[in-house]
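What follows is one structure encoded as structure tokens, with my remarks underneath.
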Amino acid sequence: SAASGAEVAGIFVDGRLSRPIGYVNANCALFLMAFWPAAVLASRRRLPIAGRAVLLGVAFALVELALLSQSRASLLALPLTAAVAFVLVPGRVRLALTLAPVAIAAVVALDPMLAVFEASEEGAARDAAADALRVLGLGFLAVVLAGLAFAWADRRVSVAPSTARRADLVFTGGAAALVVGLIAAAIVAVGDPVARAEAAWEEFNSGYPE
């Protein structure tokens, strides 16, 4: 709607997507809550190939809509929910491989999506929204095609259960090591992590002063 003639200010508040709920953080949460079911179902081998591909495209679209909401809370929520998903969902390697096209497409589409927020300060929000809509559509189609190829190959490649279990263990160990390394690097980078966390929390709760 913002790209095709509706009042942009009613859809993007301060450059942040607020529809359909009207509050950007809740809006982002709505999209991300739907993202994980779509992504997990897309990784399930027993679903029809076309269904898996469309679900993967939907997962991409939801991530991009969440990004348009520009929610700081999502910077914490998305990694935490990702950790929960990879702990609870069987077939971690398959889930990671399924998410790869979404991640790649999201990185490719990053600039046009961020440009909508930046354009709100320049009065060019409608053009930026139109560009974002085109990128969203093209990215959706690309991810669906990638999902079709992956689901088709997944049906034809058989992996022994013991091999799958070992792959899951290796993946889990590598992911845990990566998380520990990132935490250690973050602690080194911020110096005093407690003081930095307190400052970040205070800023997070400070609202939006004039």
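The values are calculated or read from the model by the stated rules, or taken from the named source; none is laboratory data. As the structure is a prediction and not an experimental result, all values here were calculated from the model. Cβ coordinates were reconstructed from backbone atoms using ideal geometry, including for glycine residues, and neighbour counts include every protein chain displayed. Quick note on the areas: whole protein, heavy atoms, side chains included, nothing else; ligands and nucleic acids left out. Shrake-Rupley method; radii C 1.70, N 1.55, O 1.52, S 1.80 Å.
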Give me, ordered by chain and number, the residues 5 or more places off residue 89 or on other chains with an amide H under 5 Å from its own placed amide H.
none
HN-Hα J in Hz across the range 73-81 - Karplus 6.51, -1.76, 1.60, θ = phi - 60°, x for Gly and Pro:
4, 5, 5, 9, 5, 5, x, 5, 5
From the phi angles alone, apply the Karplus equation (6.51, -1.76, 1.60; θ = phi - 60°) to the range 141-147 and give each ³J(HN,Hα) in whole Hz, x where the residue is Gly or Pro.
4, 4, 5, 4, 5, 5, x
So, for the range 43-94, what is the accessible surface per residue at a probe of 1.4 Å, expressed in square angstrom?
48
Under 8 Å for C-alpha pairs, at least 6 residues apart: give me the relative contact order for the range 1-113, rounded to a whole percent.
28
Please work out the C-alpha center-to-center distance from the range 82-102 to the range 34-74 and express it in whole Å.
12
Just flag the trypsin sites (Lys or Arg not before Pro) in the range 1-47 sitting in loop per DSSP whose Cβ has no more than 12 other Cβ atoms within 10 Å.
45, 46
Neighbours of residue 45 by Cβ distance under 9 Å: Lys/Arg at +1, Asp/Glu at -1, summed charge +4
Quantify, in whole percent, the carbon and sulfur part of the accessible surface of the range 55-157 (1.4 Å probe; protein heavy atoms only).
75
Quick query: amide H of residue 13 versus all other amide H atoms, modeled in the peptide plane; which residues come in under 5 Å with a sequence gap of 5 or more or a different chain?
18
